[in-house]
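Here's the structure, in structure tokens; my notes come after.
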Amino acid sequence: MDKFKTVVNMASMQTNLGCTLVALLTAGGEHIFSSVVFSCPCNGLNFVYGLAFLLVPALALLLLGYVVSRRTWKLLTGVWRRRAKLCRCIKVAEFCVVLFQISASALVAPSSWIAVALLNGNYFECAMSGTNVSFYNKRVCGDQEPGVQCETELHRIPCPVGSKVPQAVKEDVLRTLRAQSQILGWILIASIMLSNMLLSCLVRCCSPISYLQLKFWRAYAQEENSLMDSHVTKHAKELADRNLQSFFDQTPPGDLKTPSSHDWMKISSLYKFSSKKLYYSMLHQYVENYEETDNGRMKMASVKSSGSADNNPAVLDFVDGGMMTM
């Protein structure tokens, strides 16, 4: 489990590397399922069985992608408490944009599973051999001899034994089904790559900051997330140690400053970029605008821009992304 956490944390530090790693792990898992677990029943369950292996793991991977995403929980935690604010059209639009960005990242693994499974062809062969559509069955069987009961025995063709169809006809039908599966697989891969390229180009073209500043922002976000995890662990350990020592020694607890719920709420929401006050996260914005309550002084923001505040996105997908550190 520790090794798995290490791999996930490394993937979260680099989005492209993470997507590549997830795709490779998904392809390896599909190969194991196809060669070890999958076995077409060659009866009336062919269609359901084949689709279950093709789509159910993809659905599980999609849900897992939502679960391990840091931004999923940033978006959903406390959303019921903020429901009055979310009712406004602008807030709803921002919520939908961020949800779309999270979904795009979560779709990497399931789309990889389906694409690899279609290229392999085993699940598709089993599923489509169990269809009860006579038109499709005739197209698959083609112009076979009248004595060959290809259409009625189609569900038995994926199995090596138990079919009355001649071997040559079986191989021809299986080649047809595999070709259809691989064509769909390559179409899916091409569609994913094309849509990913177009979305990436669109996001980059609409970026309110330059390439080098974006590179700096990404580095800052990675470092802040890493240091936040370590500081949270350290502070929680200090608080737990203080409470346990006070309990067992039966002494008053010592002073230990902990942020209030209001402070945690301020830094936990998704950051809305502004070109007028150029902060790099909600934590950065909170610290720069921190008010010193003892003497009434306020620390002024040190990072500003002379430009006007544009209607910028609530979050930049290529900056505030990655997986949740577990």
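The values are calculated or read from the model by the stated rules, or taken from the named source; none is laboratory data. Since this is a predicted model, take the numbers as computed values, not measurements. For neighbour counting, all protein chains shown are included, and Cβ atoms are generated from backbone atoms with ideal geometry for every residue, glycine included. Side chains included, ligands, DNA and RNA excluded: accessible areas come from the protein's heavy atoms. Shrake-Rupley method; radii C 1.70, N 1.55, O 1.52, S 1.80 Å.
Residues with amide H under 5 Å of Ser69's amide H, sequence separation 5 or more or different chain, H placed in the peptide plane at 1.01 Å from N; which?
The list, which skips near neighbours in sequence, is Met324.
Can you give the Rg and Dmax of segment 171-226 based on its C-alpha atoms, in angstrom?
20.2, 58
Could you report segment 158-203's accessible area per residue, 1.4 Å probe, as an integer in Å²? Write out the running numbers ahead of the final one.
Working: 3080 Å² over 46 residues.
Here the residues of segment 158-203 average 67 Å² of exposed surface.
Going highest first, how would you order 242-255, 259-272, 175-188, 110-123 by mean Cβ packing within 10 Å? Write out the running numbers ahead of the final one.
Values: 242-255: 9.6, 259-272: 13.1, 175-188: 15.7, 110-123: 22.4.
Result, highest mean Cβ count within 10 Å first: 110-123, 175-188, 259-272, 242-255.
Is there a pair in Lys234/Lys277; Lys215/Lys237; Lys74/Lys276; Lys138/Lys170; Lys215/Lys266 whose C-alpha atoms are over 22 Å apart, and which pairs would that be?
Too far apart for the 22 Å limit: Lys234/Lys277; Lys215/Lys237; Lys74/Lys276; Lys215/Lys266.
Using a simple spin-label model with points 7 Å from Cα along the Cα→Cβ vector, what separation in nm is obtained for Asn196 and Asp263?
4.1
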